[in-house]
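Presented below is the structure to which this report refers.
The values are calculated or read from the model by the stated rules, or taken from the named source; none is laboratory data. Keep in mind that what you see is a predicted model, and the values were worked out from it rather than measured. Because the Cβ atoms are built from the backbone with ideal geometry, glycine has one as well, and the counts that use them run over all protein chains shown. When the accessible area is computed, the model is the full protein with side chains, heavy atoms only, and any ligands, DNA or RNA have been set aside. Shrake-Rupley method; radii C 1.70, N 1.55, O 1.52, S 1.80 Å.
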Amino acid sequence: MEKKKKLGLPSVIATGVGVIIATSCLLSLGQGAGTIGTPFILSMALACALNCFAAFSMSELNALMPDLTGGLAQYTLACVGPFLTILIMTGGYLIGNTMVASVECAMFGNMILTIFPQSPVPSTVYCVIILIFLVLINLKGIDLFAKIQNIVAYGLIFSLIFLGVIGALGLGTGKIVEQPGVVAGDFNSIINMCGLAFFLFIASEFVIPISKEVKNAKRNVPLGMILSLILILVMQSILVLGFKNYTPWAELAASSSPHILYGTLLLGTPGKIWMAVVAILAVVSTVNSNIAGLANIAAGMAKIGLLPELFMKRNKNGVPWISVLIIGGGMLVINITGLSSTSELSFMILSASVILMLAYILVHIDVLILRKRLPKAPRNFKVPGGPVIPVIGILGTAWMIWHIAEDNATRFGVYGLCLVMFGVLVIYAVPWLIYQKKPFFKPVPVERVMAMENSQYLIWHKKKRENCKNKKYAKMSG
């Protein structure tokens with residue numbers, strides 16, 4: 001009997017908003033608004049549109065290859081082969097999201113020091129404590145926050161919209177700041193902020209894994225992703241208008257906890273406490289979800305031979321424990337190096353954005369390739385307008401990468417870090433693919449990629465490989 005699907009459109013929207021909204025997004029919001037003022041709303045609208053295009057393409061890929069656990073890597077493996085998949089999806093996508101969660105942890109430490117400025121403990125210590133706690137929770141297989149994550153997400157959204165409306169209408173108890181709404185409204189300034197704005201809308205693809213539980217997935221999955229992105233755009237836009245009335249632009253741009261600054265200037269101590277409590281819960285919820293989600297994605301990537309099999313090893317609680325330790329350890333290393341100042345956080349956000357933009361570009365390319373290769377394959381959702389939306393998505397995202405920062409020093413610093421990361425991944429990918437005797441650029445047939453999802457595939461493949469070795473040995477002996 002077919003399992004009854006339980007999730008409707010509201011649940012899809014809740015999931016989409018819940019994984020996208022995080023306190024690190026508020027840092028990007030404060031940086032962007034503080035730099036150019038209310039025109040940042042236009043930057044956000046452009047970034048939101050391009051993320052909507054990516055959501056459309058992801059929905060089509062999911063319709064063609066449903067219920068896969070390896071994330072975007074499996075789509076790409078079927079289109080361009082294992083080498084680029086390892087570089088952009090397996091390594092880049094995992095590293096990019098690990099950097100995102102690391103920024104979230106750093107903001108947690110900064111937030112604690114904002115609330116307790118006399119604390120003798122450095123912010124890094126708080127980052128390490130929360131990370132170790134969440135890694136241990138994940139190893140136990142106990143998601144303590146699963147039942148409250150949607151409550152926390154909607155609580156954060158309600159709080160931000162409510163506080164944004166109060167600020168936009170000038171109803172706060174704090175002093176209204178007399179300042180121009182526009183700091184820089186020229187085209188170049190708006191475009192240069194699109195890369196930072198892009199960070200406000202990442203992770204809509206985390207809705208895809210629940211699609212098999214969604215009623216009328218053909219309509220509700222893409223619609224839920226798009227509505228999530230639009231809801232976030234509206235919320236962030238209202239906040240920018242609130243910033244204009246109560247937060248000096250320069251202070252906003254310089255703050256490592258702009259949401260706490262805004263809450264304090266808007267409503268005094270009650271606003272500070274309100275924003276702090278909700279934001280702390282959101283940090284814990286977001287980082288917890290990232291560790292669990294990325295660990296399972298890594299295990300899924302190991303199923304298709306892009307990572308060593310050890311990533312699939314599960315403990316008695318059913319948790320891919322090596323994946324959890326590696327991803328959690330990566331976050332620890334990034335934070336221990338001193339990721340705490342606003343400039344460092346912003347640099348990490350821009351670097352992560354470039355990596356994830358490359359992944360989204362590849363998603364659009366996957367759609368175009370599979371339409372050409374499998375034009376008659378059944379799809380219960382297809383991006384409207386033929387190739388127009390994927391092509392615009394590719395060109396627009398590439399444009400954002402080129403304009404990732406206003407000054408050349410930051411821009412080429414971001415490019416440099418990304419090149420180093422991809423260089424390390426090349427050092428891993430080349431010997432790994434040679435060892436596995438896999439052609440670098442030969443696409444894997446869609447049906448085989450989907451077969452790899454079955455746990456019996458690996459067992460069958462091992463037996464086949466052993467039989468081949470035995471036959472070869474017998475022939476040599478004879």
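Think of a 1.4 Å ball rolled over the protein heavy atoms: the chain then has 43 Å² of accessible area per residue.
Could you give log10 I(q)/I(0) at q = 0.14 Å⁻¹ for the range 102-256, computed by the Debye formula over C-alpha point scatterers of equal weight, without solvent? Calculated log10 I(q)/I(0) at the listed q: -1.05.
Charge dipole (Cα centre; +1 on Lys/Arg Cβ, -1 on Asp/Glu Cβ; no other charges) of the range 152-265 amounts to roughly 440 debye.
Would you mind getting the Kirkwood hydrodynamic radius of the range 29-87 from its Cα pairs, rounded to one decimal in Å?
13.9
Let me make sure I get this right: for the range 401-448, a, b and c are the square roots of the gyration tensor eigenvalues over alpha carbons, sorted descending. Under 1.5 in a/c it's rounded, otherwise prolate if a/b > b/c, else oblate. Which is it? Cα axes put the range 401-448 in the oblate bin.
To the nearest 10, the accessible area of GLU447 is 130 Å² with a 1.4 Å probe. Using the Karplus relation 6.51 cos²θ - 1.76 cosθ + 1.60 with θ = phi - 60°, the per-residue 3J(HN,Hα) values for the range 155-160 come to x, 5, 4, 4, 4, 5 Hz, with x marking Gly and Pro. Placing dummy labels 7 Å off each Cα toward the beta-carbon, the span from VAL177 to VAL277 is 2.6 nm.
How far, in nm, would the chain grow between THR337 and ALA254 when pulled straight, counting 0.36 nm per residue and subtracting the alpha carbon separation? Each step should come with its number before you reach the end.
Details: separation 83, 0.36 × 83 = 29.88 nm, distance 2.09 nm.
27.8 nm is the gain from fully extending THR337 to ALA254.
Listed cross-link partners LYS244/LYS272; LYS303/LYS437; LYS218/LYS313 are compared with a 25 Å cut-off, the Cα-Cα value being larger for LYS218/LYS313. Consider all pairwise Cα distances in the chain and report the whole-number % of them above 29 Å. Summing the P(r) tail past 29 Å for the chain gives 49 percent.
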